[in-house]
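Structure record follows, encoded as structure tokens.
The values are calculated or read from the model by the stated rules, or taken from the named source; none is laboratory data. What you are looking at is a predicted structure, and each value in this text was computed from that prediction instead of being measured. Note that we place each Cβ from the backbone using ideal geometry, even for glycine, and neighbour counts take in every protein chain shown. Protein only, heavy atoms only, side chains kept; ligands, DNA and RNA dropped before computing areas. Shrake-Rupley method; radii C 1.70, N 1.55, O 1.52, S 1.80 Å.
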Amino acid sequence: MRKDKVNYYLDIADSVRSRSTCLRRQYGAIIVASDEIVATGYNGAPRGRKNCDELGHCTREELKIPSGQRYELCRSVHAEENAIISASRKEMLGSTLYLVGRDTQTGALLNTTTPCSLCRRRIINAGIQNVICRISEDEYTDTPVSDWIENDDTVHSV
């Protein structure tokens, strides 16, 4: 039986994830436009800097910082960011970003995978149209980026 196209691309993003150097969570992302992969990315330290797996520790893990908080203490560039900086905006207009995350210790899929608020801003500006995140081996979420524009999570009443 032939695998459906979405899970095919998610499998590729999962393979890209295997290059991640994060000791906490590993992510892989691919950007697809017109049924062609235009960029890939995984989370890891900026080029030339030591990765957490080389250092042997994760600052956020040592400080017990919950997921989604204090990203400024993380050495890694996110998978989505690395994919975005590897493509031109022209290539990404109307594209789909596929994202897969796994726990580094167990290898289990992260069923709550979604881009952080900073990556969402970059995805919006890149012109990406949809983000598909794997939540189980065969299930995924498909989010129109326009939802993040209309439901701006950075606007708060004071």
For residue 39, the residues 5 or more places away or on another chain with a placed amide H closer than 5 Å to its own amide H are 31
Cβ charges +1 (Lys, Arg) and -1 (Asp, Glu), total dipole of the stretch 100-158, debye:
320
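Could you please report the charge total around residue 52, scoring K, R as +1 and D, E as -1 over all other residues with beta-carbon less than 14 angstrom from its beta-carbon?
Net charge in that neighbourhood comes out at +3.
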From the residues 133, 146, 46, which one has its Cα farthest along the dipole of the chain in the positive direction, the dipole being from +1 and -1 charges on Cβ of Lys/Arg and Asp/Glu about the Cα centre?
46
As straight-line cross-link partners of residue 90, the qualifying lysines (C-alpha separation under 24 Å, not fewer than 8 residues apart within one chain) are 5
The chain - percent relative contact order, Cα under 8 Å, separation 6 or more:
23
What's the FRET efficiency of residue 146 with residue 116 using the Cβ-Cβ distance as r and R₀ = 22 Å, to the nearest 0.05?
0.75
P(r) over all Cα-Cα pairs of the stretch 1-85, 5 Å bins from 0 to the longest distance, whole percent per bin, short to long, reads 3, 14, 23, 21, 15, 11, 7, 4, 1, 0
Projected-area mean, the stretch 71-158, by convex hull of Cα positions, square nanometres
7.3
Could you grab the Rg to Rh ratio for the stretch 37-111? Cα atoms only, Kirkwood for Rh.
1.00
Estimated vicinal HN-Hα couplings, Hz - the stretch 37-43 in sequence order (Karplus 6.51, -1.76, 1.60; Gly, Pro = x)
6, 9, 6, 10, x, 9, 7
So what's the projected area for the chain, the Cα convex hull averaged over all directions, in nm²?
10.5
Could you tell me the calculated FRET efficiency between residue 65 and residue 4, based on Cβ-Cβ distance and R0 = 41 angstrom, to the nearest 0.05?
0.65
Of all accessible heavy-atom area on the stretch 35-74, the percent that carbon and sulfur account for (1.4 Å)
44
Kindly report the accessible area of the chain per residue (heavy atoms of protein chains, probe 1.4 Å, no ligands, DNA or RNA), in Å².
59
